[in-house]
Structures are given as C-alpha cells and as structure tokens.
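The values are calculated or read from the model by the stated rules, or taken from the named source; none is laboratory data. Because the structure is predicted, anything quoted here is derived from the model rather than measured. Every residue, glycine as well, gets a Cβ built from its backbone with ideal geometry; the counts of neighbours run over all protein chains shown.
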Amino acid sequence: MGLTSVVKDPEALTMTVTSEWDVDAERAWQLWADPRQLERWWGPPAYPATVVSHDLVPGGRVNYLMTGPEGDQPKGLWEVLEVQAPRRLVVSDAFADDDWNDSGIAAPMLMTVDIADRDGGGVVMTMTTTFASAEALEQMVAMGMEEGLTEAMAQIESVLASQPA
C-alpha cells in the first residue's frame, strides 16, 4: 500500500503522515526497532541515513546522520520518551551538532508513531510530529520536511519485501 496522506494542521501544530502496509504490527515495528532497516528508509534517496547509535528504550537515544549528494552530513537525534513495542514510539526529534547535542537549528519536535491493525489485515502506521510553534512548523515545511518524509516512506515497501521480521 504505502503512504496514504500527509496532513499539516497549523492550529494543532502538527504534521501527520499516514501509511498502510500489508504486514503485521511486529513486522512494521521492526522498521523502527532494527537500525539497519531504519537507515534503509529514514532518509530520502538523496540523503540516505546512517544510524550511528540506536538505544530504543525510554531514556535512550538514537543518533543518525544523512549524507547529501554534495557530501554534507546533517545529524539528527531522538531522545526516546516512550516505547510500547510493537504499537507506539514517542521521541523528541532534533537536529544534532557534531557532539550529538541539540544544535538549536530548529526547535525540537515531538514525534509519535502509532501502529494499529487495519480492518481486513495489515497495519496503519501514523506518524504525528508536533511542533513548538506555527513558525517551527513553517520552518520545517520550508526546509523540505514534507517532501523528505514522502520520499523516505516510498522506500519502506522494498525494506518490507527484502527483510523478514
């Protein structure tokens, strides 16, 4: 199936990306829980991700970088707030500096991933990003967040097809 919608809600300060997959919740969860699978889809094709550290437990961190076509390597970090495998993940998502601290480029975002069973089989994966302000939402849209997530999500099908849970 794949990406079904991207909805920006400036009043709620959210961007919600919804996708549907013909797998069970445990298999969908592995897209997040396995760093090698995560890095195969998290970055858009022009900025593939490399997961540097992956501690997906409350209080843990995930550090990653994306390598651009000119060799630039923007870094990101997730501070893991909640894990309810295989159904829910909540992280504080921020740009990182070279020491893997919040770089201050943009306000940290709250990213919530929910994986629910779909009527008739498969799952619906909803990723909701909550921004600190309307300006922060606008900043991330201007930086290409919507396009990047759309391109990244398009890579999930091949990951699901090539790697068993």
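Looking at region 60-73, can you tell me whether even one residue there is of a type in the set (Lys, Arg) and under 14 Å from the mean Cα position of the chain (by Cα)?
Among the residues of region 60-73, at least one is of a type in the set (Lys, Arg) and under 14 Å from the mean Cα position of the chain (by Cα), which makes the answer yes.
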Where Val113 falls short, out of the listed (1) closer than 26 Å to Trp21 by Cα; (2) out of contact with any Leu (no Cβ under 9 Å at 6 or more places or on another chain): (2)
First in region 64-81 and within 15 Å of Val113 (Cβ to Cβ), second anywhere and of a type in the set (S, T, N, Q), Cβ under 6 Å, 6 or more apart: Glu79/Ser92
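Residue-wise test of (1) modelled with pLDDT of 95 or more; (2) surrounded by 15 or more Cβ atoms within 10 Å (Cβ to Cβ).
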site	(1), (2)
Val91	yes, yes
Ala94	yes, yes
Asp99	yes, no
Asp114	yes, yes
Val123	yes, yes
Ala132	yes, no
Gly148	no, yes
Ala154	no, yes
Pro164	no, no
Cβ pairs under 8 Å, 6+ apart, first in region 132-156 and more than 13 Å from Pro44 (Cα to Cα), second among the aromatic types (Phe, Trp, Tyr) and surrounded by 14 or more Cβ atoms within 10 Å (Cβ to Cβ): Leu137/Phe131; Met140/Phe131
Region 123-144, subset in a helix (DSSP H, G or I) and under 14 Å from Leu110 (Cβ atoms), residue farthest from the chain's Cα centre (by Cα): Ala136
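Look at region 55-84 and say how many of its residues are assigned to a loop (DSSP other than H, G, I, E, B) and in contact with a strand residue (DSSP E or B) (Cβ under 9 Å, 6 or more places away or on another chain).
10
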